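To start, the structure itself, in structure tokens.
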């Protein structure tokens, strides 16, 4: 019984180390999304951080700031979702598809 528990603990520690490695790798990867037909493009990394945002000058209209704000929000949310999905896919590979609550 003790030997089996020891193996389980060892496997959990190995999984934790691999998860940390994947998280570090994901921090260096990015996901890009755009809104408004490419008028606003956002890039997020695997740490769920916004890395960059690009706004085409054609969409900048002082008379319609609200539209630009909406496009920025849409592009950022889409980039963050793509980054989250990217990390989730890598974690699924690591866990064999088992959904572990709080993992990501």
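Here are the numbers for this structure:
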item: Which numbered condition residue 16 fails, given (1) surrounded by 14 or more Cβ atoms within 10 Å (Cβ to Cβ); (2) without any contact (Cβ under 8 Å) to a residue 24 or more places away in the chain; result: (1)
item: The stretch 22-36, subset surrounded by fewer than 17 Cβ atoms within 10 Å (Cβ to Cβ) and part of a loop (DSSP other than H, G, I, E, B), residue modelled with the lowest pLDDT; result: 28
item: Test: residue in the stretch 46-64 that is more than 21 Å from residue 96 (Cα to Cα) and in contact (Cβ under 8 Å) with a residue 40 or more places away in the chain; result: no
item: Conditions (1) touching a helix residue (DSSP H, G or I) at 6+ places or on another chain (Cβ under 8 Å); (2) under 14 Å from residue 75 (Cα atoms); number of the one not met by residue 26; result: (2)
item: Where a residue in the stretch 71-89 is over 11 Å from residue 46 (Cβ atoms) and its partner, wherever it lies, is modelled with pLDDT under 95 and part of a helix (DSSP H, G or I), with Cβ under 7 Å and at least six apart; result: 71/59
item: Selection from the stretch 37-47 of residues that are in contact with a helix residue (DSSP H, G or I) (Cβ under 7 Å, 6 or more places away or on another chain), modelled with pLDDT of 95 or more and part of a loop (DSSP other than H, G, I, E, B); result: 39
item: Some residue of the stretch 75-91 being more than 12 Å from the chain's Cα centre (by Cα) and surrounded by fewer than 18 Cβ atoms within 10 Å (Cβ to Cβ); result: no
item: The lone exception for residue 52 - which of (1) at pLDDT 95 or above; (2) more than 29 Å from residue 92 (Cβ to Cβ); (3) exposed (fewer than 14 other Cβ atoms within 10 Å of the Cβ) it fails; result: (2)
item: Selection status of residue 93, within 30 Å of residue 12 (Cα to Cα), in contact with a strand residue (DSSP E or B) (Cβ under 7 Å, 6 or more places away or on another chain) and outside any strand (DSSP E or B); result: no
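The values are calculated or read from the model by the stated rules, or taken from the named source; none is laboratory data. What you see is a predicted model, and the numbers here were worked out from it, not measured in a lab. Reconstructed Cβ throughout: ideal geometry from the backbone, glycine too, with neighbour counts over all protein chains shown.
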